[in-house]
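Please read the structure below before turning to the comments.
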Amino acid sequence: MLLVSIVKSSITAAAAVTTSSSLHSHNAARSPITDNMSSGGGGGIICAGLSCLDLQLVGCTQSGSDEAIERYDEAIHCAGGSASMTATTLALLMKTQPQEEVHVITKIGPDFAGNTMLEFYRRAGASTRLVLSDESARTSMAVLPIFQTGKRACFVNLACNDGFTSDEMLHQVDQYFGNDSSSGPPPPRAFLFGYPHLMPKMQGDALKSMLRNVRDKLSSEENKVLIAVDLNGVDGSDPAVAKSALIPALSEIDVLHLNEDEAMVMSSSSSSSSSPAAPSGENGSNSLLNSELLSQISSFHEHGCAVVLLSLGSKGAFVSVTPDEKRLQRLSSSQCNIAMSQWDAGTQVHVPAFKIDHGGVNTNGAGDALFAGFSLAASSWGSKWKVCPLNAGTFASLVAWQRVDSKTRDGDGMRSADALMGMILDQKLPTILDVNLV
């Protein structure tokens, strides 16, 4: 298993990181980058935001009693949190495309958890040169019981995520091109950020400012960068606070990913539009969504969000494109490498989840994988395969399908990004999950 087995010597080597100040980046060597990805133009992807070292307790029993002694089958460490999960997922998907790099921007401490996460990133093939280490901070850790049903719980100490600031994030973004942008890597195709509701220094207006500055730093007239945000930790006990952390930044978000529960927390009666009667475009259906969810999606678009990706669990996912054509055109460039810039305004589609035949399921990171896969597809293949919303959503569902499969989630037997898109084009898809049996 690629990502769950670290030998003692590897951890010792990862711990031997020298520093010249309390805050520093990990400037790992990287191979030269050229703009010749087989799937279309563009640079790499930056995965930024919250990270933690996860301790997964796999196969947990769940008796229902608070004081019961529960059992588990196996204890596994892995790199968790949005930055970690998206980066490792994408790095594994793109291993056959050495011209493309996946970069991690997150904050860690100089401790066992931080050094272990760095090793996980490197094993997956992600670049760690933009990771920020703070000698005065502790790396976040989480304990995740993975129940025999495939579902999970989470207990976390956010540690240095609590103090991760917008200025620190932007300083790391500045390091992407190095000292000379003319001879450095090409601009990245996408900047993925999660989870703002668990990062108090990057919420509301601060989040909006940070995302706008990221776009300005990474975009040009020739290449526009897609900005995608993934939600987690949305506190339903105070919806007003939850909304204030996100709503001001929606105009800077090209792709917003959340689940049904998070959407309901964010739901507001202030939306001036009515719910759409029916989705337009390719083979879509909104029958799985109630009017309140559809109204909230419309509200996200009204506040400037271009595309909403709604996770529906075993029912798949729902993709909604803004009815504002001018908003999509903001992503157009002379090279037109972002597929999403060419989508039909107002399109809404439902994509199914796929069945894992052998039954070995681990849902930890499923939403992160869906988000990562969708962002990759939406920002790629603009010139070759003309990815539409339905194909982008299906691609994302296939990425999640591989990630929740206990046999492929850590890289062994995982199909590449090109192979997954080939399955879609050839209409050779896995069996659709029957939600009536879940």
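Along its principal axes, what span do the Cα atoms of segment 116-213 show, with the longest given first and each in whole Å?
Projected onto the principal axes, the Cα atoms of segment 116-213 cover 52, 35, 30 Å.
Lys and Arg at +1, Asp and Glu at -1: add these up for the other residues within a Cβ distance under 10 Å of GLY109 and post the number. Kindly include the intermediate steps, with their values, before the conclusion.
Values: positive: LYS107, ARG138; negative: ASP111, ASP134, GLU135.
It works out to a net charge of -1.
Looking at this model, which pairs from LYS326/LYS386; LYS326/LYS428; LYS151/LYS315 are more than 25 angstrom apart at the alpha-carbon?
Details: LYS326/LYS386 19 Å; LYS326/LYS428 35 Å; LYS151/LYS315 15 Å.
Beyond 25 Å between Cα atoms: LYS326/LYS428.
Rank by packing, highest mean first: peptides 338-345, 394-401, with packing defined as the count of other Cβ atoms within 10 Å averaged across residues. Present the calculation step by step, with values, prior to reporting the outcome.
Values: 338-345: 21.5, 394-401: 25.9.
Those peptides, ordered most packed to least, come out 394-401, 338-345.
Quick check on segment 287-327: take the gyration tensor over C-alpha atoms, sort the square-rooted eigenvalues as a ≥ b ≥ c, and tell me if it's rounded (a/c under 1.5), prolate or oblate. Write out the running numbers ahead of the final one.
Numbers: a/c = 2.71, a/b = 1.75, b/c = 1.55.
In terms of gyration-tensor shape, prolate.
ASP167 versus ASP426, label points 7 Å from Cα toward the beta carbon: distance in nm?
5.4
State, to one decimal in nm, how far the label point of GLU70 lies from the label point of VAL241, with both points 7 Å from Cα in the Cβ direction.
For GLU70 paired with VAL241, the spin-label model returns 2.5 nm.
From the Cα gyration tensor of segment 83-166, with a ≥ b ≥ c the square roots of its eigenvalues, which class applies: rounded if a/c is under 1.5, or else prolate if a/b is larger than b/c, or else oblate?
Details: a/c = 2.19, a/b = 1.10, b/c = 1.98.
In terms of gyration-tensor shape, oblate.
For LYS201, list the lysines whose Cα falls under 22 Å from its own Cα; do not include residues on the same chain fewer than 8 positions away.
Of all the lysines, those that pass the test against LYS201 - Cα under 22 Å, at least 8 places apart if same chain - are LYS107, LYS217, LYS243.
Taking a ≥ b ≥ c as the square roots of the eigenvalues of the Cα gyration tensor of segment 376-432, is the shape rounded (a/c under 1.5), prolate (a/b larger than b/c) or oblate? Present the calculation step by step, with values, prior to reporting the outcome.
Numbers: a/c = 2.02, a/b = 1.71, b/c = 1.18.
Since a/c reaches 1.5 and a/b is larger than b/c, the shape of segment 376-432 is classed as prolate.
If I compute solvent accessible area with a 1.4 Å probe over the protein chains, what percent of it on segment 57-151 is carbon and sulfur?
Details: 1840 of 3740 Å².
C and S atoms contribute 49 percent here.
The values are calculated or read from the model by the stated rules, or taken from the named source; none is laboratory data. Keep in mind the model is a prediction, meaning the values are calculated, not measured. Using ideal geometry, Cβ is built from the backbone for each residue, glycine included, and neighbour counts are taken over all protein chains shown. Surface accessibility is based on the protein's heavy atoms, side chains included, excluding ligands, DNA and RNA. Shrake-Rupley method; radii C 1.70, N 1.55, O 1.52, S 1.80 Å.
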